[in-house]
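Just below is one structure, and these are the notes that go with it.
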Amino acid sequence: MAESIVQVAAALIFGAISLGVIRLVLGPTTIDRIVAIDMLTIISISLIVLYAHVSGRFVYIDVALVYGLLSFLAVLAIARFLEKGL
């Protein structure tokens, strides 16, 4: 039962990655592309956590937390740059 739940989660994650890449390529504005990149980082964080669960090595959760923090700071820097410049 748990294995099928992991497989469904992996399929949903890869489906979300494909939708994010489509938005990244087809985004009409720069803001749409930035949001797509942020969405892809969030999806990759969930993929890292899923891998940590499957492999049983929970040190990868720390990697996902650091990656999430860096992604948040990067989006803040980009938003500030686009609004009024650094």
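Some values worked out for this structure:
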| read-out | value |
| --- | --- |
| Residue list for region 54-64, filter: aliphatic (A, V, I, L, M) and in a helix (DSSP H, G or I) | Val54, Ile61, Val63, Ala64 |
| Cβ-Cβ under 8 Å pairs, at least 6 apart or on other chains, region 36-64 side in contact (Cβ under 8 Å) with a residue 12 or more places away in the chain, far side in a loop (DSSP other than H, G, I, E, B) | Ala36/Gly27; Ala52/Phe58; Ala52/Val59 |
| Hey, Arg33 closer than 30 Å to Glu83 by Cβ and among the basic types (Lys, Arg) or not | yes |
| Residues of region 1-14 satisfying the condition of being part of a helix (DSSP H, G or I) and more than 14 Å from the chain's Cα centre (by Cα) | Ala2, Glu3, Ser4, Ile5, Val6, Gln7, Val8, Ala9, Ala11 |
| Boolean, Ala74 is in contact with an Asp or Glu (Cβ under 9 Å, 6 or more places away or on another chain), part of a helix (DSSP H, G or I) and either at pLDDT 95 or above or farther than 20 Å from Ala9 by Cβ (or both) | yes |
| Residues (part of a loop (DSSP other than H, G, I, E, B) and within 11 Å of the chain's Cα centre (by Cα)) located in region 15-48 | none |
| Region 8-35 residues that are more than 19 Å from Ser46 (Cβ to Cβ), paired with ones that are of a type in the set (Lys, Arg) (beta carbon under 9 Å, 6 or more apart) | Val25/Arg33; Gly27/Arg33; Asp32/Arg23; Arg33/Arg23 |
| Which listed residue is closer than 19 Å to Glu3 by Cβ and either part of a helix (DSSP H, G or I) or at pLDDT 95 or above (or both), from Tyr51, Tyr67 | Tyr51 |
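The values are calculated or read from the model by the stated rules, or taken from the named source; none is laboratory data. None of these values were measured; they are calculated from a predicted model. Here the Cβ is made from the backbone with ideal geometry for all residues, glycine too, and neighbour counts use every protein chain on show.
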